[in-house]
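What follows is a single structure, written as C-alpha cells, with notes after it.
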Amino acid sequence: MHRGRSSAHWKQRAEVRQVTMTAQEARLCGLLLREHFGEVVERVGTHLLRSGAQNLRTVANESGTPLDLVKKSLCVLMKHGACSFRAGRKGPGSPVEYRASCERILLILRYPRYIYTAKTLYGDTGELVVEELLQRGHMTMSSIVKTVADRLTHNMEEGRRVEYSEVVSTFSKLVETHFLQRCPPVSEAVPAASTAPMIPGSGPASSGPAASAPPTAESFPDCYTVPHVSLVGWGKRRRSGEDAAEEQGVSKKAKTDEQTHGDEGVYWQVNFERFHLHFRDQTIISAVASKLDQTSSEIVRTMLRMSEVTTPPSASCTQALSANEIFRSLPANYSISRPILDQYLTLLVDDPMEFVGKSGDSGGGMYVVNLHRALTNLARATLESVVQERFGSRSARIFRLLLRKHHLEQKQVEDFAMIPAKEAKDMLYTLLSENLVHLQEIPKTPDHAPSRTFYLYTVNQLATARMLLQHCYKTVANLIDRRLFETKESKRLLEKSQRIEAIMASLQASGAEPEQLTEVEEMITAPEKQQLESLRHHINKLDSAENQVDETVFLLKAYVNSTAKATQ
Amino acid sequence: MADVKVKKESDPADVAAIETRSKIKELCQQFPHGITDQVIQNDMPHLEAQQRAMVLNKLLSLGHLDLLKNSSGLLYRMKDAQSASKMKGSDNQEKLVYQIIEDAGNKGIWTRDIRFKCNLPLTEVNKILKNLESKKLIKAVKSVAASKKKVYMLYNVQPDRSVTGGAWYSDQDFESEFVEVLNQQCFKFLQSKAEVARDSKQSPMIQRNSSFATSHEVWKYICELGISKVDLSMEDIETILSTLIYDGKVEMTIIAAKEGTVGSVDGQMKLYRGVNPVIQPTGLVKTPCGLCPVFDECHEGGEISPSRCIYMTEWLNF
C-alpha cells in the first residue's frame, strides 16, 4: 500500500538530509545572513550554500554580484568561520574554491544564548567579551580587552574606570574553561586536493575528503594558551560631540602601538562546541531537577562538573566517578551525609530516565552520567510534548504507547490506550498523516492483500526528531519573516520616532526649555504612541519565541548528533 | 406430565420401574453434584443393567435428569425443577436449541453456530429462538467485538467480559468518560500519596518508597470512593493505571511479594507512583507555528504566509 511505501521513502529522505542541507535550513540561513551582514552577504552566502564549493569567478558570475563585493562578502563570512576555502579540485594551479557552512550560519540564531551564558558565568565583562567576539568573528586578545574595557568604562558613572588587567583576567578564565579558543592558523600551503583520489561521479557534498578538510582549532597544541600580553591602562570613556575627533586619534594611536602588545597574529574565536557542552549539561541538570528534586540535580551537576575536563566531548557517558569522590566534591553548603548521598545515587540509577548509571562497585560504587541516554530520553520527552500540545493528551497517550511497545496493531492501540475505536482510529490516522507515526505492513502472503496483512503502527524516534528539527527551522524562519514584516509595516512610524528622539537629545544637550521639549514630544500622537508600544511588544514576543524554539533546536540537534556518533 | 403417566401405568413391571425411578431421583437429590452409574449399582444391587438403562433413559427423556460427562465417566444429575418447569410445553426441537444455548454458557452462541449444531433449517431455528426469547428463557446480547453480531445465552446468565467488553462498556458503547474519570481519580490518589511522601521530610529512599501504592491500594480507594456502579476488579484498575503510564504521569515497578500478601498476583506486586514531568512544554509548541494546522501549506508570499498569519496576529495581540 502506498502508506508503507511513503514511509520508506520518507526515511530515505531523512538519510539524505543528514548530508546536505534542507530548503528550510537554506531559507533560515538566508534570513540570518541578511539580518547580521546585509543583503549582499546574504546573496553570496545563500548562493554558496546552494551550489556547494565554487571559485571566486563563478560565484561572482552566477550570483550576479560585482567581484569586489563578492570578495568583501567572502571576507566577512570567512571572518566568522561561516566559509572555508581550499585548493581547487581540478589539480594544482586551479582556482581556490569557497564553501559556506550551513551549520555555522545557523549558530547565529544562538548568539543571545551564548552571550547570556557568558554573563551568568563571568558577569558583565564576560558578556561583553563574548559579544564582541561574536560580532566580529575573530579578534586579537589585546583589541578585545581594549574594546571591552572602553565599553565598560563608558557605561559606568563619571570618575570610575575599568583596568585592562580586570578584563584580561576574565578573558583568561574564559580561555581556561575553553569557552574561547585560538583560531587555527591559516596554512599558506593548502594541501592540494589532487593528492586525495577523487571518486568519479560523486556529488559536491562528498568531495570533501578528510585530508583537505579545514583543520580544527583543537588540533593545535597552543589552542588554549593565553599569550603574554603587555597591556597596562584602563578603559577610555567615549564622549559625544567634540570628543569624537579626539577619540579617533586615540584609536589611531592604539593601532600604531599595537606592536607593543606582543600578540599579533594570535586571533581568538568563540568555542561553540564548549558552549554546547555547557548547554547540554544544563539541560540534563534542569531535567533532573524537575523529575526528581533539587538535591539530585545538585549531585548530577557535581558529577558533570568533575568530569568536564576528563570526558571527551563526543563520549556517550562521563568518566566513572566513585561515590567517595562525588561526596568530597559536593558544594560545601550542601550538607548531606554520606548514606543519604548513596540513597540519592541509588534513586538516580533506579529512575527510568537513566540519567545516571552505575558502572562498578569499587570506591563505594562507580557512577557515570549517561549523556547519550539522557539526550535520547529528553528528545523523546520533547517529541511527546509536541504531540501532546498539538494533538491533545489522548493522542499523546497513543504516541507514548507506541514509543513504549514499538509495534502495535490498531486494535491493540485501542485496548491499551482505552480509547474508543472510532476516536483512536482518527487520532492514529492524523498522527500518520503528520508523519509522527509510521505504518509497517507485514503481509502473510506474497500478494500483499490487505485482508491478509498485518498493519503495525510504530514510531521512529530518530526520523521524527529530524522532521521536527526541520519544523523548528521553518518556525524560526517564519518568526523572523513576521518580525521583518511588522517592522516594515511601521517603518514610517519608527523613522519618525527615531527622528524625534534625535531632536530631543540634541535639544536636551543644548539646554532647551521644558516647554520646547514637551512640544517636540507631542509630535508623536497618542494613537501613534500606542502603535509603537504594541509594535515593541510584538517584536519582543517574536524575539523571545525565536530563542525558545532554538532551545528545542539545540536539544533535537544534540540528540541527532549524539545518535550519529553512537551508531558510527 | 410425569404424574399423569404414573397414574396410567398399572403394569407390575412398570410399577417396579416407577419405584426405581423415584429411588434414583432421591439418590440424585442426595448428591446434588451428580451420581455415577456405580453409585446406582451400589444402592440397588438387584437391578439389572438393562433395566437400569431403561429407567435412566426414561428419566432423561422426561427431562428429569441431566447427563454429564467428566473425567471418571458419565454422571447423572438432577435437573433443577425451575428449568424443567420452564421447558414445560416445549417440543424436542426447542429443548435441543435450549440445550445448545445452555452449553454455550456465558460466552453466548451465534445463530449460525446454533444452526450447525442442531441441523435445523434457518427459518425453524429463528422461529424457535423467537419463541424462547418471548418466554424469557434466553436473551440476545450484542457483542462489543462486532456490533452486528448477536449472540444468544440463557436469560439469567451474566454475559462474559469478552462479549460485553467488561466494565468499560454499557450496552455496546465504550464508556470513555467513565474511563477518564477513573484515570483522573487514580492519578489524584497517587499524586496525593507522592505529595505526602515528599512533605514527610524523611530520607530520600523512604520518601520514594512511601510514594508507591500497590494496585490493590488503588483498587480499594476507588471502590470506597463509590464512583463506579459496576464492580471493578483489580485487573480493571491495573488497566486504568497503565493508561496513566502511557500518559507519562505514573511509573510502575514490579516487586517480589510473599505468597498470600494482599494484592500480590503470582508472587508479584505492582507498585505505582505519580511522577513529575521531565520537561516543560518545549519551545517549539509555545509558538503558533508549533501548533499550526496548516503549517505545511505556509510559505512566504503564498496564500498562507507568516506575514498574513491570523494565528500569529492573535498570538501577538494576546
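Before moving on, here are some points about what is shown:
- Taking packing as the residue-averaged number of other Cβ atoms within 10 angstrom, the listed peptides B:180-189, A:65-74 run from highest to lowest as B:180-189, A:65-74.
- Lysine-lysine proximity count for region B:193-305, Cα under 15 Å, sequence distance 8 or more or distinct chains: 6
- Average beta-carbon neighbours from other chains, 10 Å sphere, peptide A:478-490: 4
- GluC sites (Glu not before Pro) within region A:519-562: DSSP coil, no more than 12 neighbouring Cβ in 10 Å: A:522
- Accessible area in the full protein assembly, largest first, 1.4 Å probe, for A:75, A:83: A:75, A:83
- Taking region B:234-293 and dividing mean pair separation by its residue count, relative contact order in percent (alpha carbons under 8 Å, at least six apart): 26 percent
- Computed with a 1.4 Å probe on the full set of protein chains, the accessible area for residue A:268 sits at about 0 Å².
- Length-normalised contact order for chain B - Cα pairs under 8 Å, 6+ apart - percent: 9 percent
- FRET E, pair residue B:135, residue B:57, Förster distance 30 Å, beta-carbon r, rounded to 0.05: 0.65
- Computed with a 1.4 angstrom probe on protein heavy atoms, the A-B interface buries about 4600 square angstrom of accessible area in total.
- Number of partner chain Cβ atoms within 10 Å, mean per residue of A:382-389: 6
- Rounded to the nearest 10 Å², the accessible area of residue A:327 at probe 1.4 Å: 80 Å²
- Among B:50, B:158, B:207, the largest mean-square fluctuation in a Gaussian network model of chain B (Cα springs under 10 Å) belongs to B:50.
- Among B:240, B:254, B:222: highest mean-square fluctuation, GNM of chain B, C-alpha pairs under 10 Å: B:254
- Protection proxy ranking of A:45-56, A:91-102 - average other beta-carbon atoms within 10 Å, highest first: A:45-56, A:91-102
- The helix-only estimate of mean residue ellipticity at 222 nm for chain B, built from DSSP H runs of length n ≥ 4 each weighted as -39500 (n - 2.57), is -15000 deg cm²/dmol after division by the residue total.
- Scoring A:496-503, A:316-323 by mean Cβ neighbours within 10 Å over their residues and listing the highest first yields A:316-323, A:496-503.
- Restricting region B:222-318 to trypsin sites (Lys or Arg not before Pro) that sit in a DSSP loop and have at most 16 other Cβ atoms within 10 Å of their own Cβ leaves B:229, B:258, B:308.
- Test item: Cα-centred dipole of chain B, Lys/Arg +1 and Asp/Glu -1 on Cβ, debye: 860 debye
- Inter-label distance, residue A:135 to residue A:568: 3.6 nm, where each label sits 7 Å from its Cα along the C-beta direction.
- Label-to-label distance, residue A:407 versus residue A:154, with points set 7 angstrom from Cα along the beta-carbon direction: 6.5 nm.
- Between residue B:169 and B:175, the built amide H atoms are under 5 Å apart, and every one of these is 5 or more places off in sequence or on another chain.
- Drop in accessible area of at least 20 Å² in the complex versus isolated chain, residues of region A:282-318, 1.4 Å probe: A:290, A:291
- Accessible surface of region B:193-318 [probe 1.4 Å, protein heavy atoms]: carbon and sulfur percent: 54 percent
- Short-range pairs are left out: with C-alpha atoms under 8 Å and at least six residues apart, the relative contact order of region B:167-318 is 20 percent.
- Rolling a 1.4 Å probe over the protein heavy atoms leaves residue A:300 with an accessible area of roughly 0 Å².
- Cα-based Lys proximity count in region A:466-568, under 25 Å, for pairs eight or more positions apart or on separate chains: 13
The values are calculated or read from the model by the stated rules, or taken from the named source; none is laboratory data. None of these values were measured; they are calculated from a predicted model. For neighbour counting, all protein chains shown are included, and Cβ atoms are generated from backbone atoms with ideal geometry for every residue, glycine included. Please note that ligands, DNA and RNA were not included when accessible areas were found on the heavy atoms of the full protein model with its side chains. Shrake-Rupley method; radii C 1.70, N 1.55, O 1.52, S 1.80 Å.
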